[in-house]
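Peer 1: Quick one: this structure, given as structure tokens, is what I'll be asking you about.
What follows is calculated from the coordinates using simple rules that are stated; it is not laboratory data. Owing to the predicted nature of the structure, the values given are computational and were not obtained by experimental measurement. Using ideal geometry, Cβ is built from the backbone for each residue, glycine included, and neighbour counts are taken over all protein chains shown.
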Amino acid sequence: MGVGQTIGHLTRVTGSRFTAHGDREGGIREARPGRMVRIDTVDGAVLGFIATVGAVDGAGGAPAAGPVALDIAAVGEAERQDDGQLGTVRRGVTRYPRVGDPVAMATDRDMAAVFAPPTEVTIPIGQVYGAPEVRAHLHLDDMLGRHFAVLGTTGAGKSCTVALLLHKILADFPHGHIVVLDPHAEYQGAFGDQCHIVDPAGMSLPYWLMTGEELASVFLGARVHESPAEVMVLLDALMEAKRKSPIGSRKPDEISVDTPIPYRLSDLRKVLDDQVGNLNRAENVRPYLRLINRLDTLMGDPRYAFMFSGTLMRISMVDVISTLLRMPTDGAPLTLVDLSGVPSEVVEVVVSLFCRMVFDFQLFASMDRSVPVLFVCEEAHRYAPAGGGGGSGAFGATRRALGRIAKEGRKYGLGLGLISQRPSELDPEILSQCNTVMALRLSNDRDLTYVRGALPDDAGDLAGVLPALGMAEAVVVGAAAPMPMRVNLDLLPANQQPRKGAASFSASWDSEAWDRSYVEQVIGRWRYPRQQ
């Protein structure tokens, strides 16, 4: 028979929660929170996780010396084959056990039937907690096609988990198309030749790809909602400049402020200059002069050369999209967008532009030829904050762009991966679209409460172990997990791991290794990022 050691018998059955009692001198000593148990019924077996283990109160409330009580959360059921092994496993419970039925520890074969179904396209990510011989697998299409989130406090192994998932995917599918937004340049050394890096030094993100709202955010920053007059002046000038475009002049009636056609920055400036010349009162001139000064600053500052350079007029939109989405892959199916060198005042606009370009391309792709794309957003709470992020224009556009991917992307072959160490600060509507959640250690009360409410399965008991998870441990629930599970994640080799987030003070301060030349190199990159 394939049944594990009996540890007790059911004494209560209430919905999806069961109570069992067993002798503390018997097999119940093997019971631990988070371990899987099996309860054989007349026509099958019910599977559950141990939520709590406690002593039965004796006289006067003192713990009794004998029985031990188990609180069990039921998660699924299966047919029982003639040899006692489990057949096909299903989520939920439709055939309940009876009081007195035996509770046994799930065997390795039981858990293999649950966590590694042989008929699915899966990726292995680690070992099931409590069963080191059982590999934990995730359903690939469900994870990517229905979005996923990786949540965990700083230092819990969140970036390593993301790298692990991407390495496992690329190992089986080297012709995939993956875009990763990397705000801290963590992943640059983790993927070798499989990765194409896009950073400010080599990035070409033409200004003419921006919508009117995005351009207004770049020009006006935090003042965008306080200066409606300047916004209107800018949008009118933008429309006029686009009408003068060699491409736009063919069908001017079809052009809007959001149409991605090349136009000359010199035309935009000339329109503003001409409008200034038609004004008489000094107070009416100020908005125009502010916009002209800002345009001159953007064109002259080397930090913005990747967006505001006269040469970008000649950049092909085909080249931009082909490079970003790796079509063709040329042996590097992953695009790593390094945002660490992007000026902070425009980084949200840049993220908004990337999100929107990827979504719009997938939207307009022919459905019978649409190539699926995975879009991974690190530090997602920065770009899609709960409550709209205080009302800044850049945050609003970025939040809407990510929200559109989350809500509609699956229809067009666009998968989303959200990564965050502060899930309570992430837009709940966007996070709710992630049907698979990998939660690493979380200790903040707000984050814990938020994650418990956001988990797509009835996994509140597994969520209870989040503060106690060790490094490279995760709770995985949702569409891609055969059942809610606690996993000891695989460890990547050092050359495939992301860069460590914290500097080593002791190693760096151990000797006099830093001199004036080091300062000069850093300032050189600071001033002239595209020349490095």
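Peer 1: By counting other Cβ atoms within 10 Å of each Cβ, how are MET357, MET313, MET143 ranked from fewest to most? Please list the in-between numbers first.
Peer 2: On the way: MET357 20, MET313 17, MET143 26.
Result, fewest neighbours first: MET313, MET357, MET143.
Peer 1: If you place +1 on the Cβ of every Lys and Arg and -1 on the Cβ of every Asp and Glu, how big does the dipole about the Cα centre of the chain come out, in debye to the nearest 20?
Peer 2: On the way: 53 positive and 62 negative charges, 185 e Å.
I would put it at about 900 debye.
Peer 1: Next up: Can you find, among PRO262, SER511, VAL465, the residue farthest towards the positive end of the dipole of the chain? Put +1 on the C-beta of Lys and Arg, -1 on that of Asp and Glu.
Peer 2: In the chain, that residue is PRO262.
Peer 1: Also: Relative to the longest principal axis of the chain, what angle (0 to 90°, nearest 10) does the C-alpha long axis of helix 228-243 take?
Peer 2: 70
Peer 1: Please list 260-272, 369-381 highest first by mean number of surrounding beta-carbon atoms within 10 Å per residue.
Peer 2: 369-381, 260-272
Peer 1: Could you compute the net charge surrounding GLY212? Neighbours are other residues with a C-beta less than 12 Å from the C-beta of GLY212; K and R count +1, D and E count -1. Intermediate values should be presented prior to the final figure.
Peer 2: Values: positive: LYS242; negative: GLU213, GLU214, ASP236, ASP258.
Computed value for this residue: -3.
Peer 1: Against the longest alpha carbon principal axis of the chain, how many degrees, from 0 to 90 and to the nearest 10, is the axis of helix 393-408 turned?
Peer 2: The answer is roughly 50 degrees.
Peer 1: Can you give the calculated 222 nm mean residue ellipticity of the chain, where each DSSP H run of n ≥ 4 adds -39,500 (n - 2.57) and the sum is split over every residue, rounded to the nearest 500 deg cm²/dmol?
Peer 2: My calculation for the chain gives -9500 deg cm²/dmol from helical runs alone.
Peer 1: What's the exposure ranking of ILE123, ILE405, going from fewest to most Cβ atoms within 10 Å?
Peer 2: If I rank by nearby Cβ atoms, fewest first, I get ILE123, ILE405.
Peer 1: Could you list LEU205, LEU492, LEU234 in order of exposure, starting from the residue whose Cβ has the fewest other Cβ atoms within 10 Å?
Peer 2: In order of increasing Cβ crowding within 10 Å: LEU492, LEU205, LEU234.
Peer 1: For LYS242, which lysines qualify as cross-link partners when the Cα separation must be under 25 Å and same-chain residues fewer than eight apart are set aside?
Peer 2: Those lysines meeting the cut-off are LYS251, LYS270.
Peer 1: Can you give the local net charge around SER340? Use residues other than it whose beta-carbon is closer than 10 angstrom to its beta-carbon, Lys and Arg +1, Asp and Glu -1.
Peer 2: -4
Peer 1: What order do you get for 73-83, 176-186 when each peptide is scored by the mean count of other beta carbon atoms within 10 Å, highest first? Display every interim value, and only then the final one.
Peer 2: Values: 73-83: 16.6, 176-186: 21.1.
Sorting 73-83, 176-186 by mean packing, highest first, produces 176-186, 73-83.
Peer 1: For a quick size check, give me the Cα extents of the stretch 6-115 along its three principal axes, largest first, whole Å.
Peer 2: On the principal axes, the stretch 6-115 reaches 47, 26, 22 Å in Cα extent.
Peer 1: Which order do the peptides 300-310, 156-166, 332-342 take when ranked by the mean count of other beta-carbon atoms within 10 Å per residue, highest first?
Peer 2: 156-166, 332-342, 300-310
Peer 1: Continuing with this model, one more query. Helix 265-277 sits at what angle to the longest principal axis of the chain, using alpha carbons and giving 0 to 90 degrees rounded to 10?
Peer 2: Taking Cα atoms only, the helix is inclined about 60 degrees.
Peer 1: OK, next. When we measure straight from the Cα of LYS168, which aspartates and glutamates land under 13 angstrom away, once same-chain ones fewer than 8 places off are left out?
Peer 2: Leaving aside aspartates and glutamates fewer than 8 places away in the same chain, those within reach of LYS168 are ASP490.
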